[in-house]
1. Taking GLY277, is it within 18 Å of LEU16 (Cβ to Cβ), free of Cβ contacts under 8 Å to residues at least 60 places away in the same chain, touching a strand residue (DSSP E or B) at 6+ places or on another chain (Cβ under 7 Å) and of a type in the set (Gly, Ala, Ser)?
2. Just the residues that are basic (Lys, Arg) and in the same structural domain as GLY238 (by TED's automatic domain parsing), please, taken from segment 181-205.
3. Could you tell me whether segment 80-89 includes any residue that is of a type outside the set (Val, Ile, Thr) and at pLDDT 95 or above?
4. Here are the criteria: (1) modelled with pLDDT under 90; (2) exposed (fewer than 15 other Cβ atoms within 10 Å of the Cβ). Tell me which single one ARG141 does not satisfy.
5. Do any helices (runs of 4 or more DSSP H) entirely within segment 186-284 hold 3 or more residues that are farther than 30 Å from ARG163 by Cα and among the acidic types (Asp, Glu), and if so, which?
6. The conditions are (1) over 23 Å from THR272 (Cβ atoms); (2) in contact (Cβ under 8 Å) with a residue 40 or more places away in the chain, and LEU198 fails exactly one of them. Which is it?
7. Of a type outside the set (A, V, I, L, M) and in a helix (DSSP H, G or I) - does that describe any residue in segment 339-357?
8. For residues that are within 22 Å of the chain's Cα centre (by Cα) and not in a helix (DSSP H, G or I), scanning just segment 165-179, find the one that is surrounded by the fewest Cβ atoms within 10 Å (Cβ to Cβ).
Amino acid sequence: MKCGIVGPPLAGKTTLFNILTGSSFSDQYGGSKRELRRGVAHLADPRLEAVARVTGSAKITPAAVEYIDVPGVTSEKQHPEVSGYPPHYLSELRTADMLALLLREFKDDRIPHQTGSIDTARDLIDATLEFIISDHAIAERRLKKLAKTQDKASQREEELLERCRDALDSETALREFDFKEEEKKILSPYSFLSLKPLLVVVNVDEETAPRTGDLLDRLRSSTDQVTKNVGWVAVAAGIEEEICNLEEDDRREFLDELGFKLPALDRIIEATFSLLGLITFLTSNEKETHAWAIPAGSSAVQAARTVHEDFARGFIRAEVCRWDELVEAGSSARLREMGKMRLEGKKYIIQDGDLLDIRFNV
């Protein structure tokens, strides 16, 4: 799972990236031009340690999210038809499953805002417009090619892209539309940025942090252009980066003062899983206990493919139990005696917290 962190310059993207990935990059007030950065965040999951103790695993691997930190760009108002992002940044973002848009709400006289004033609603619209412009260019290029073809499949694609182009012409993101499954398959190869799920992350200061609920409500109600397939979360990235380095008890105290129940890492990943509709299943043996993230509603064979393509190709069945039932029983053998270990086929729908032992033959 991959998420691109985007947004205007000097909003705190590098600080957020450091919090999520445990990195220690420094971009002092955006003073130097930099390249795209990559890192991985792991989802804290106490279930893993509990299961690993039962199965005697030598290693624990939490579910992971890869983050791409993309340098901010300044919108060129004199050329509104041209996206400010360099093509190689856009190409990288198209490989992401979702986008996290960081907006600046914090005040700091040492860090000037690119427009001269702080207005998160304005910045939200400006940032999303960048991706609408990029998608429009792709749709236009493809439509020119399709105009030369006559087969039915091309005609269906042309009609769909014309609808998309019309929406983009009106500066409407494609995520605002409910496409049918067949239409999603047609659009999938284009990886339209304005169609990707969007997590809006508002970066506040210490003074504003206790009132982030009201702040997010006002931002949500300030625009009807960002409503579907979008999540909302607030961070105080500057102070929370410092809190990450404290002892657990001190960390909890400072978070309470800021009004946050969870650390920024957990809040961002929790919002990510919610936005993408993800659940987690586990696998465990003597070598490793591993958490895997999959879309809710996935079948057993789809879960097997997440672990390894061979597992799906040669899938026979999956031995399934609940992680907490295994921990309570103390062993797989005892769980079988209790009749709580089940054999499931390809079509079984995975539930959050399922523990799978996949049987396959290739």
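1. no
2. Passing the criteria: only LYS196.
3. No, segment 80-89 has no match at all.
4. Evaluating ARG141 over (1) modelled with pLDDT under 90; (2) exposed (fewer than 15 other Cβ atoms within 10 Å of the Cβ) leaves (1) as the failure.
5. Those helices (runs of 4 or more DSSP H) span 237-243, 248-258.
6. Unmet condition: (1).
7. No, the conditions are met nowhere in segment 339-357.
8. ASP178
The values are calculated or read from the model by the stated rules, or taken from the named source; none is laboratory data. Everything quoted here is computed from the prediction, not taken from an experiment. Glycine also receives a Cβ, built like all others from the backbone with ideal geometry; neighbour counts cover every protein chain displayed.
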